Amino acid sequence: MVEAGITLELLDGHHTSEAQWETFHAFYQSTFDKKWGVASLTPAFFKALGATMPDQTLLILARHAGRYVAGAFFLRGATTLYGRHWGCAAEFHSLHFEACYYRAIDYCIEQGLSRFEAGAQGEHKISRGFLPTPTYSAHWIAHPGFRRAIQEFVTRERLALEEQMQALLTHSPFKSTPPT
């Protein structure tokens, strides 16, 4: 990052200005725009989270040539840092990994946090040492027919995901220990 002239700022909710939340929201929005998705969280949401939970929010903003170019948003628990959102206005080699993973891991070590959850999805995370782990999600579906259809799909999907995770584990960067 130094060679590219990029600096990273780590800000908790106490030290994040409204303008910085607005800037991050623009990055967050750009990620959804690039992926044809819908960014459901508003600038007001991020500002409120920072104001009401300042010790539980972490924003890593990347600055280049005097302006912010990217950002990563995290939530902090008592022992864990949870990676949540990333966005950028310009692409820089390795910036995503630096902000979302490497600097976040450094933060965990500095703060005495024992766990870092990098977030769901992403086969690209395996080479960085993040192995596939099942995640839990709960949803309430009001319509009984729709609920049944989703349950049937989720049952099939779960089996496929278990197979995919086992296949991905064969690409682990960690040395396996033979059984004793």
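Every number in this text was worked out from the coordinates using simple rules, so none of it is lab data. These figures come from a predicted structure and were not determined experimentally. Don't worry about glycine lacking a Cβ; one is built from the backbone with ideal geometry, like all the others, and counts go over all protein chains shown.
Miscellaneous remarks
- Residue count for the stretch 127-158 satisfying the condition of being surrounded by 10 or more Cβ atoms within 10 Å (Cβ to Cβ), more than 20 Å from GLU117 (Cβ to Cβ) and either among the hydrophobic types (A, V, I, L, M, F, W, C) or touching a Gly at 6+ places or on another chain (Cβ under 6 Å) (or both): 6.
- Residue count for the stretch 25-52, restricted to those that are in contact (Cβ under 8 Å) with a residue 40 or more places away in the chain and small (Gly, Ala, Ser): 2.
- Counted residues, the stretch 39-91 - those being out of contact with any strand residue (DSSP E or B) (no Cβ under 8 Å at 6 or more places or on another chain) and among the small types (Gly, Ala, Ser): 9
- Every residue from the stretch 30-52 that is surrounded by fewer than 18 Cβ atoms within 10 Å (Cβ to Cβ) and in contact with a Gly (Cβ under 6 Å, 6 or more places away or on another chain): SER30, THR31
- Residue within the stretch 55-73 that is in a helix (DSSP H, G or I) and in contact with a helix residue (DSSP H, G or I) (Cβ under 8 Å, 6 or more places away or on another chain) present: yes
- Number of the exception - PHE27 against (1) over 22 Å from SER114 (Cβ atoms); (2) of a type outside the set (D, E, K, R); (3) over 15 Å from the mean Cα position of the chain (by Cα): (3)
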